[in-house]
Structure formats: structure tokens, C-alpha cells
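> Following this message is one structure expressed as C-alpha cells.
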Amino acid sequence: RQRMLEWAKATFDALGPMNARGQAAAPLLFEMMAYAITVERATLLPGGWAAQLFAAVDEGTIEPTDVASMLIDYIAPSLDTTILGLGHLLFQLGRHPEQWAMIRDDHALIPRAIDEALRLEASVRAFSRYAVADYDVGGPELSAIDTATIPAGSRVLILFASGNRDERRYPEPDRFDVRRDARDHLGFGHGVHRCAGSHVAQLEMQALLRAMVTRVHTIEVGPAEIGLNNVLYGYRSFRATFR
């Protein structure tokens with residue numbers, strides 16, 4: 001538990017370019033992997049998510065070799081992404097008090113506010129994908145300059161943050177609007193690559209806002225300090241006051 005936040009940050013640093021930050025993250029990544037491979041069942045919280053992996057092995061639901069990789073998914077990708085997403089959500093609500101007032105008046109806007117915050121400020125800015133076959137990019141809605149063929153064997157950088165601000169899909173894309181239907185945002189990836197824990201992250205964010213709407217009248221935020229990471233984008237800190 002004491003190492004999880006460091007491991008999570010290091011995982012995403014190591015997934016990016018192997019610059020000084022990525023190289024410094026590698027030992028922490030290996031430390032996390034060693035823990036996941038050697039963890040003893042008796043040391044886990046009974047009934048917790050990690051312990052349930054071993055229970056699934058007993059039931060024959062998953063293979064014993066699946067435990068380590070799934071445990072890593074619990075430890076690393078689920079933490080910083082959700083934490084940074086919550087930071088973006090609270091910061092936007094603090095900057096736009098009229099939007100928070102709308103949510104307080106209509107609690108049904110809570111899911112939309114979460115999607116809109118994740119669209120506007122994607123915690124994961126980009127990921128690389130490998131093209132296993134030629135892929136034609138284009139269509140009637142795109143101009144000729146947007147049409148191209150990605151050859152098989154290419155390594156492609158998928159810019160989630162850019163797609164989330166595509167003015168062809170989202171009018172006034174730089175505006176934070178909790179009434180916008182942004183359920184198709186790319187903050188959780190897309191298709192077979194969609195984040196397996198996206199529903200849990202959304203549930204956590206909804207739980208926070210539902211606890212706040214009846215207690216917090218206004219949110220005030222101060223200047224934010226960006227936290228540096230090779231893959232993630234979010235705030236290292238900012239001051240917030242709930243009144």
C-alpha cells in the first residue's frame with residue numbers, strides 16, 4: 001500500500017519515451033512487477049480485489065498465470081488516471097461556478113459533468129498502437145487532406161487529447177459544459193482498447209459528486225501546478241476551498 005502511488009506514476013513514466021524520467025522509473029516498475037509475481041495470498045486483505053483474484057483461480061475462472069498481470073492492472077493504471085481525472089473535474093467546477101450551480105440544481109447532470117471533464121482534460125494524452133494491416137483513414141465527412149493509408153507495420157500515435165477537442169464532433173471544444181453529451185470521449189480509449197476499469201473510475205467520481213452536491217455550495221480553486229509525467233497530464237497540486 002505504501003508503494004502504490006509511486007509505482008503507478010513510474011508505470012506511466014516508463015510507458016513513455018526512455019528519457020531521464022523514463023529511465024528513473026524503470027527500477028520502480030520492476031519492483032512492482034516483482035511484487036505482483038511473488039505476492040503471498042496470506043498477506044492480502046481478505047475479500048479485497050487482489051484476494052478475489054486468487055479466489056477466481058480456485059473457481060477456475062482465470063488461470064494462475066493471469067493473477068500477476070491483473071494485479072498490476074489494479075495497482076498501476078487505475079490510480080493516477082482516476083486521481084488526475086478527479087483533479088481536472090474539481091478544478092473545472094471551481095473555475096466555472098455556474099456549472100456547479102447547474103449540477104446542484106439537477107443531479108442528473110453528474111455523469112455528464114464527469115464525461116465533459118475527462119473530454120476536456122484527458123488524463124492520458126496519447127498512446128501508441130501498432131497497425132497489423134493496411135488501414136484507410138478517411139470518409140465522406142473528412143476532407144481530402146485528412147485521407148491517408150496507414151501501412152501495415154506502422155507504429156501510430158493516437159492523440160486522445162486532440163480527438164477530444166475535435167471541433168467537428170464537439171462544438172466550441174475548449175468550453176466546459178456539463179450539459180454536453182460527451183459519452184463518446186476518448187479519455188478511456190476506444191473499442192477493444194477501452195479501459196477495463198472505466199466504469200469503476202466513473203463510479204468513484206460519481207460517488208464523490210453525489211456526496212458533495214448536498215453539502216458544498218461553492219468551490220473555489222487557486223493556481224494549479226502541473227505534475228510532469230511522460231504519458232499522463234494532470235495537476236500535482238492546487239488549493240481548493242469548499243464552502
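> If I ask for residues that are open to solvent by 40 Å² or more (accessible area, probe 1.4 Å) and not in a helix (DSSP H, G or I), which ones from region 96-131 would you list?
Of everything in region 96-131, those that are open to solvent by 40 Å² or more (accessible area, probe 1.4 Å) and not in a helix (DSSP H, G or I) turn out to be H96, D106, R125, F127, S128, R129, Y130.
> OK, next. Pairs only if they're at least six apart or on different chains, beta carbon under 8 angstrom, first in region 43-67 and open to solvent by less than 60 Å² (accessible area, probe 1.4 Å), second among the small types (G, A, S); list them, first residue then second.
L44/A50; L44/A51; I62/A56; V67/A36
> Provide a single number: the residues in region 198-217 that are more than 19 Å from the chain's Cα centre (by Cα) and open to solvent by 50 Å² or more (accessible area, probe 1.4 Å). Break it down into steps so the answer makes sense when it comes.
Our first condition is that a residue be more than 19 Å from the chain's Cα centre (by Cα); within region 198-217, this holds for 210-217.
Next cut, open to solvent by 50 Å² or more (accessible area, probe 1.4 Å) only: 210, 214-215, 217.
Total satisfying the criteria: 4.
> Count, please, the residues in region 154-175 that happen to be open to solvent by less than 60 Å² (accessible area, probe 1.4 Å), under 22 Å from L89 (Cβ atoms) and assigned to a loop (DSSP other than H, G, I, E, B).
Residues flagged as open to solvent by less than 60 Å² (accessible area, probe 1.4 Å), under 22 Å from L89 (Cβ atoms) and assigned to a loop (DSSP other than H, G, I, E, B) within region 154-175 amount to 4.
> Here is a follow-up. Hey, V231 hits all of (1) within 20 Å of I114 (Cα to Cα); (2) surrounded by 12 or more Cβ atoms within 10 Å (Cβ to Cβ); (3) of a type in the set (A, V, I, L, M) but one; which does it fall short on?
(1)
Okay, residues lined up against (1) part of a helix (DSSP H, G or I); (2) small (G, A, S); (3) under 27 Å from A207 (Cα atoms):
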{"residue": "A8", "(1), (2), (3)": "yes, yes, yes"}
{"residue": "Q23", "(1), (2), (3)": "yes, no, no"}
{"residue": "I37", "(1), (2), (3)": "yes, no, no"}
{"residue": "A42", "(1), (2), (3)": "yes, yes, no"}
{"residue": "L45", "(1), (2), (3)": "no, no, yes"}
{"residue": "G94", "(1), (2), (3)": "yes, yes, yes"}
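> Give me a count of the residues in region 195-213 that are of a type in the set (A, V, I, L, M, F, W, C) and assigned to a loop (DSSP other than H, G, I, E, B). Quick ask: steps written out before the conclusion?
Of all residues in region 195-213, those of a type in the set (A, V, I, L, M, F, W, C) come to 195-196, 200-201, 203, 205, 207-209, 211-213.
Those still in the list that are assigned to a loop (DSSP other than H, G, I, E, B) too: 195-196, 213.
The total comes to 3.
> Out of the residues in region 12-32 meeting the condition of being open to solvent by 70 Å² or more (accessible area, probe 1.4 Å) and closer than 18 Å to G234 by Cβ, tell me which one is nearest to the chain's Cα centre (by Cα).
L15
The values are calculated or read from the model by the stated rules, or taken from the named source; none is laboratory data. Note that the structure is a prediction, hence the values are computed from the model and not measured. Because the Cβ atoms are built from the backbone with ideal geometry, glycine has one as well, and the counts that use them run over all protein chains shown. The protein model used for the area step is the full one, side chains on, heavy atoms only, and it has no ligands, DNA or RNA in it. Shrake-Rupley method; radii C 1.70, N 1.55, O 1.52, S 1.80 Å.
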